[in-house]
Amino acid sequence: MTLSKETLISWYKKMLHTRFFEAQVDAFFAKGMIHGTTHLSIGQEAFAIGSTAALHADDLITSTHRGHGECIGKDADLNRMMAELMGKSNGYCKGKGGSMHIADLEKGNLGANGVVGGGFAIAVGAALTQQMKKTGKVVLCFFGDGASNEGSFHEALNLASIWKLPVVFMCTNNHYGMSMSVARSTAVANIADRAASYEMPGITVDGNDPIKVYEATLAAVERARSGEGPSIVEGITYRWLGHSKSDANRYRTKEEIEAWKDRCPIKAFEKYLIKNNVISQQESDEITAGAKDDIARAVEFAQQGSYPGIETLEEDVYA
């Protein structure tokens, strides 16, 4: 498969945006500038960006509590993302949603979700809507390895398969559901193996390689769009940081974490781009600097915003 220079560079930029955005969020959280909690996906950028690249602009996604990368992959506004995390009224949810609840319906992002496995039913419902309305759109449903042991996972896959819905279930397998190793909690070797129970294809790929992720996702998306039904695409990757900001990382060794840092998806992709004459080292440095500047501008935008007033307390609340 031949990918254009422009496409590959855009992926690289989005991976850098995701890394620098989350690094800034991490720093702000440590300073008490971001409240609540946040779940960072540093180390997992390739899976989010490679998979969303396989979509049309009007296709849909549901995301998770660790969903910043998918938001960026679906062309979210970095300014509004940063403002949302800082609780400002110029954020995506007017400062009331925070890290786990970013949604952008105009871009097809049906929302991140603070409930483990909470996106399954939403994605299947959205896919049913596309099927009934004959829109031709496909839904990507992102979930983590831990969510595959939720009952909603099995219910969603079963119904999606019965009705041949245009949905692709995207498993970000980072080896741990909070502090529980997937090897200790799950009977199958790969989450994608569970696809066989629901008469759908399942494939496991290197989640740190955006090209392999893209190719696998594209095949599943095209299958879904043609009316052949759902698939599972599983990416094997790793989160460098804890489950959340309260995670002391006592369930894994420093050596394990460092070994995965040596497999950094961004450094590996940069090496690939330079080796294949897509960009030079100087161009890579310029792209990296530009991405950092974009995040700095997002911070400035967020800092200029105001906190929502008390008079907005009951706005956007539905019963």
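The values are calculated or read from the model by the stated rules, or taken from the named source; none is laboratory data. Given the structure is predicted, the values throughout are model-derived calculations rather than measurements. Reconstructed Cβ throughout: ideal geometry from the backbone, glycine too, with neighbour counts over all protein chains shown. Remember, those area values only see protein heavy atoms, side chains included, never the ligands or the DNA or RNA. Shrake-Rupley method; radii C 1.70, N 1.55, O 1.52, S 1.80 Å.
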Pairs only if they're at least six apart or on different chains, beta carbon under 9 angstrom, first in segment 222-236 and within 13 Å of Ala195 (Cβ to Cβ) and part of a strand (DSSP E or B), second of a type in the set (Lys, Arg) and at pLDDT 95 or above; list them, first residue then second. Ser231/Arg223; Ile232/Arg194
What is the one condition in (1) open to solvent by 10 Å² or more (accessible area, probe 1.4 Å); (2) of a type outside the set (Asp, Glu); (3) in a loop (DSSP other than H, G, I, E, B); (4) over 26 Å from Asn277 (Cα atoms) that Phe29 does not satisfy? (3)
Any chance segment 216-226 includes a residue that's touching a Phe, Trp or Tyr at 6+ places or on another chain (Cβ under 8 Å) and either surrounded by fewer than 17 Cβ atoms within 10 Å (Cβ to Cβ) or not hydroxyl-bearing (Ser, Thr, Tyr) (or both)? no
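Is one or more of the residues making up segment 266-273 of a type in the set (Ser, Thr, Tyr), out of contact with any Gly (no Cβ under 6 Å at 6 or more places or on another chain), closer than 30 Å to Ser4 by Cβ and surrounded by 21 or more Cβ atoms within 10 Å (Cβ to Cβ)? Walk me through how you get there before you give the answer.
Pass one, segment 266-273, residues of a type in the set (Ser, Thr, Tyr): 272.
From what's left, out of contact with any Gly (no Cβ under 6 Å at 6 or more places or on another chain): 272.
Subsequent filtering for residues that are closer than 30 Å to Ser4 by Cβ retains 272.
Then drop every residue that is not surrounded by 21 or more Cβ atoms within 10 Å (Cβ to Cβ), which leaves none.
The answer is no; no qualifying residue exists.
Determine if segment 102-117 includes at least one residue that is open to solvent by 50 Å² or more (accessible area, probe 1.4 Å), assigned to a helix (DSSP H, G or I) and touching a Lys or Arg at 6+ places or on another chain (Cβ under 7 Å).
First, pick out the residues of segment 102-117 that are open to solvent by 50 Å² or more (accessible area, probe 1.4 Å): 105-107, 110, 115-116.
Keeping just the survivors that are assigned to a helix (DSSP H, G or I) gives 105-107.
Filter once more, keeping what is touching a Lys or Arg at 6+ places or on another chain (Cβ under 7 Å): 107.
Yes: one or more hits.
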Selection within segment 240-262 - at pLDDT 95 or above and either of a type in the set (Gly, Ala, Ser) or under 25 Å from Gly73 (Cα atoms) (or both): Ala259, Trp260, Lys261, Asp262
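Could you grab me the full set of residues in segment 35-62 that are in a loop (DSSP other than H, G, I, E, B) and open to solvent by less than 10 Å² (accessible area, probe 1.4 Å)?
Filtering segment 35-62 for residues in a loop (DSSP other than H, G, I, E, B) gives 35-44, 53-59.
Once the filter is applied, which keeps residues that are in a loop (DSSP other than H, G, I, E, B) and open to solvent by less than 10 Å² (accessible area, probe 1.4 Å), segment 35-62 yields Thr38, Leu40, Ser41, Gly43, Ala54, Asp59.
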Pairs, please: C-beta under 8 Å, at least 6 apart or cross-chain, first residue over 17 Å from Gly146 (Cβ atoms) and in segment 240-251, second surrounded by 13 or more Cβ atoms within 10 Å (Cβ to Cβ) and among the β-branched types (Val, Ile, Thr)? Trp240/Ile42; Trp240/Ile257; Lys245/Thr37; Lys245/Thr38
Identify, please: which residue in segment 72-127 is over 13 Å from the mean Cα position of the chain (by Cα) and of a type in the set (S, T, N, Q) and is, among those, nearest to Met170 (Cα to Cα)? Asn79
I'm checking my understanding of the structure. Among residues of segment 118-148 that are in a loop (DSSP other than H, G, I, E, B) and open to solvent by 30 Å² or more (accessible area, probe 1.4 Å), which one is nearest to Tyr92 (Cα to Cα)? Lys137
Pick from segment 256-308, criterion free of Cβ contacts under 8 Å to residues at least 24 places away in the same chain and not in a helix (DSSP H, G or I), ranking: nearest to the chain's Cα centre (by Cα): Asp262
Over 26 Å from Leu40 (Cβ atoms), free of Cβ contacts under 8 Å to residues at least 60 places away in the same chain, in contact with a strand residue (DSSP E or B) (Cβ under 8 Å, 6 or more places away or on another chain) and of a type in the set (A, V, I, L, M, F, W, C): which single residue out of Val182, Val124, Val138 fits that description? Val124
Residue pairs meeting the criteria (Cβ under 6 Å; at least 6 apart or on separate chains; first within 20 Å of Ala296 (Cβ to Cβ), in segment 1-21; second open to solvent by 40 Å² or more (accessible area, probe 1.4 Å) and not acidic (Asp, Glu)): Phe20/Lys292
